[in-house]
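Laboratory data are not the source of any read-out in this text; all were calculated from the coordinates shown. These numbers were taken from a predicted model, which means no experiment stands behind them. Virtual Cβ from ideal backbone geometry, glycine too; neighbours counted across all protein chains shown.
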Amino acid sequence: MGALGRRMYKVGQRDMVEVDVAAERNEILRRYRRLLRKAKPFLKDNDAKQIKAAFALSVEAHKEMRRKSGEPYIYHPLSVAEICVDEIGLGTTSIVAALLHDVVEDTEIELEQIEEQFGKKIAKIIDGLTKISGVFDYGSSQQAENFRKMLLTLSEDVRVILVKLADRLHNMRTLDSMPRHKQLKIISETIYLYAPLAHRLGLYAIKSELEDLWLKYSEPEVYEDIQNKIAENKGSRTRFIRNFMNPIMDEIYKTGLQFEVKGRPKSIYSIWNKMKTQDIPFEQVYDLFAVRIVLDTPLEQEKAACWQVYSIVTDFYTPNPDRLRDWVSTPKANGYESLHTTVMSRKGRWVEVQIRTKRMNDIAEKGYAAHWKYKDGMQQAHESGLEAWIHKVRDVLEQNDMNAIEFVDDFRANLFQEEVFVFTPKGDLKILPSGSTALDFAFDIHTDVGAKCLGAKVNNKLVPINYVLNNGDQIEILTSNKQKPNEDWLRFAVTSKAKSKIKDSLKEVKKESIADGREIVARKLKQIKVDFNSDVVNQLRAYFEEKTVSDFYYKVGKGQIDATKIKNFKEFKKERQKINQPKRPPTQFSDDLSKTKKLDQDILLIGEDLDVLDYRFAKCCNPIPGDDVFGFVTVNEGIKIHRTSCPNAPELLSRHGNRIVKSKWMSQQQNAFLAVLRIIGTDRVGLMRDVTDIISNELKVNMRSIVIDTETGIFDGQIWLYVNNTKHLDQLIKKLEKVQGVMRVNRQDASHLD
Ligand code: MN
């Protein structure tokens, strides 16, 4: 540990710190011995030696390093190791990993050296921890990618995550010496990922502490305020619990059960959360604490004992039937077991009573590891929950190709979900996130079952694939070989597993359609004797107005693009070569266009008689059809039209009243009159379409109705339409007469027809 004496250290931005090396050395040893003492009950064979070696290596590697607080760095790995033992219930492997967790990242020591000295298993955990170390920006893809890496290691060895959580917890506990911007980064990451993860792993105590620390650093005053109020209430809380338990105690004693009563206040974070979501002050949060009855019972009597105590409690107090939670018969997926009920106290207040055994309490507080420690005595069904979850995580990670951020969001969503318990036709229990559908269930059973899912029978009733599962449902999936996943399914599925399987399958289907489309295109091109090459394909893509060639192939393959139209493409190509020889002068074309356009617009009527006169729009207010307007007779530029709201209007109207003319917009419709045309010709395919095309598309005339008689091959039609004036009508007649097959077009007086 180097020579004793006084030394100077530079710590971060601070000034040099003077340190009493001897005192510090003693403190390090004191902490190390405390760790060993706590670990002692678990230690076997060589364990103590291993821990000693890890400690020695860590002390040596970090000897020149200090934390931001100025303390020797080794305090940190020692504390992380202590959290692993004391608060998570982990053993030697994790202690060694915790002691060494920052060594590869921060010092000269290489992973190979760790592997040589401590073996493959430890090296792998350290490697996992090194990969996910550091603070990453919230919401960045780098952070997401790191998180994903962390989950990958979860499926290899869950201890990586547990040591990481211990590391994070210690960093959160010692945030004070961090600069504010780093504090904010660390706490937001904690509330976003680590607290939910701790929750999902059943580490309730750690989860609550992480949440509390988040609040402490994000809203210090609020945190302190609630903390003080909880302390003030302690006396009355103790009295309340004593009064509440008094009548029950005797009855429980009579049963001979050993038990302990605890009145645990809710966490500061959850009180704050309640105040915020229900918008109430501290005083109105009624369930500030829960009464917990912890029984000391042999494993085989646990369930009976819990229900016996439940029966006693509800003999004295009326339970709320909606609030009974039986996680004794069916533990949560994270291993949580407890019997919860909410009863009405004599004071007229609802009180939550949690009944559980010591073993269950250990699991609830220490989670996963404690769970495993008791594993030998556990029933198969009880222990499968968390394992199944880890298995699922592994599944999702392995076949998943979402981008990392999408993945983290998806994963987080799943972290928060509570479960729904359902059964297979054979009675096997399946636990899915609540909100899961029949489709999720199908994919949970097997990918093939999911992909062919047609519907389901739930409790013998037929339901669609988007049926939302309820607790206790017994589900039989109906499949068909003809069934295939489609886009809608993504909306019906809740679990990441089902979603990613559906996406995979849609991609497969898309690939098939693209291949089909490519084949069809090649065939069609061969038929019209055009070479199949990338230039031609690209021209085709452009011709059909598709963004990419794959889109084009896909639509052809799916039949969304009519492949026979590829023939038209050849003509189109020819046309394009003649593009420099227009059929008619461009002026004529634009003439037609302007006529068409004008007919489409509203017209402006001017003067007392509301005539169509020449006018210009005033530039000061740019009127448009529909505006309230007036005309102003100018000296040199004829009539100018202003809006009545024009800034110049007051002056013009008040000072030059004699030069104002009335103006009014009139819509074409209002101004049009009904006419009837009779068209006679020889009938042919497409004649009808050509006629109506000229009327409505080319000349923009509104048709009211058409009556056609095509008996004996003669086309005899009557068309009712709206025209503006006779000039307009004559123009239309001339156009129609030129249509191939049309022999005669006459105007008929509407009144002549019935
Ligand atoms: Mn660390």
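The charge dipole of the stretch 503-579, taken about the Cα centre with unit charges on the Cβ atoms of Lys, Arg (+1) and Asp, Glu (-1), comes to about 260 debye, rounded to the nearest 20.
So what is the relative contact order of the stretch 673-748, in percent, for Cα pairs below 8 Å that sit 6 or more residues apart?
Details: 127 pairs, mean separation 36.8, N = 76.
It comes to 48 percent, rounded to a whole number.
Restricting the stretch 524-566 to trypsin sites (Lys or Arg not before Pro) that sit in a DSSP loop and have at most 13 other Cβ atoms within 10 Å of their own Cβ leaves Lys529, Lys547. Charge tally for Ile293 (other residues, Cβ to Cβ under 10 Å; Lys, Arg +1; Asp, Glu -1): +2. The phi-based Karplus calculation (6.51 cos²θ - 1.76 cosθ + 1.60; θ = phi - 60°) puts the 3J(HN,Hα) values of the stretch 219-235 at 9, x, 5, 4, 4, 5, 4, 5, 4, 4, 5, 4, 4, 4, 7, 4, x Hz, whole numbers, x for Gly and Pro. Over 15 Å apart: what share of the alpha carbon pairs of the stretch 503-579 falls there, rounded to a whole percent? For the stretch 503-579, the share of Cα pairs beyond 15 Å comes to 54 percent. Only alpha carbons enter this Debye calculation for the stretch 224-366, each as an equal point scatterer, and the log10 of I(q)/I(0) it gives at q = 0.15 Å⁻¹ is -0.80. For the residue pairs Lys121/Lys366; Lys38/Lys234; Lys185/Lys499; Lys511/Lys567; Lys38/Lys216; Lys234/Lys347, the alpha carbons lie more than 20 Å apart in Lys121/Lys366; Lys38/Lys234; Lys185/Lys499; Lys511/Lys567; Lys38/Lys216.
Taking label points 7 Å from Cα along the Cα-to-Cβ direction, Lys52 and Met65 give a separation of 2.5 nm.
Ratio to report: Rg/Rh of the stretch 444-497, with Cα atoms as the point set and Rh obtained by the Kirkwood method; give two decimals.
Working: Rg = 10.9 Å, Rh = 11.7 Å.
A ratio of 0.93.
Rg over Rh for the stretch 25-203 works out to 0.94, using Cα positions for both radii and the Kirkwood form for Rh.
Taking a sphere under 13 Å around the Cβ of Asn26 and counting the other residues whose Cβ falls inside, with K and R at +1 and D and E at -1, yields a net charge of +2.
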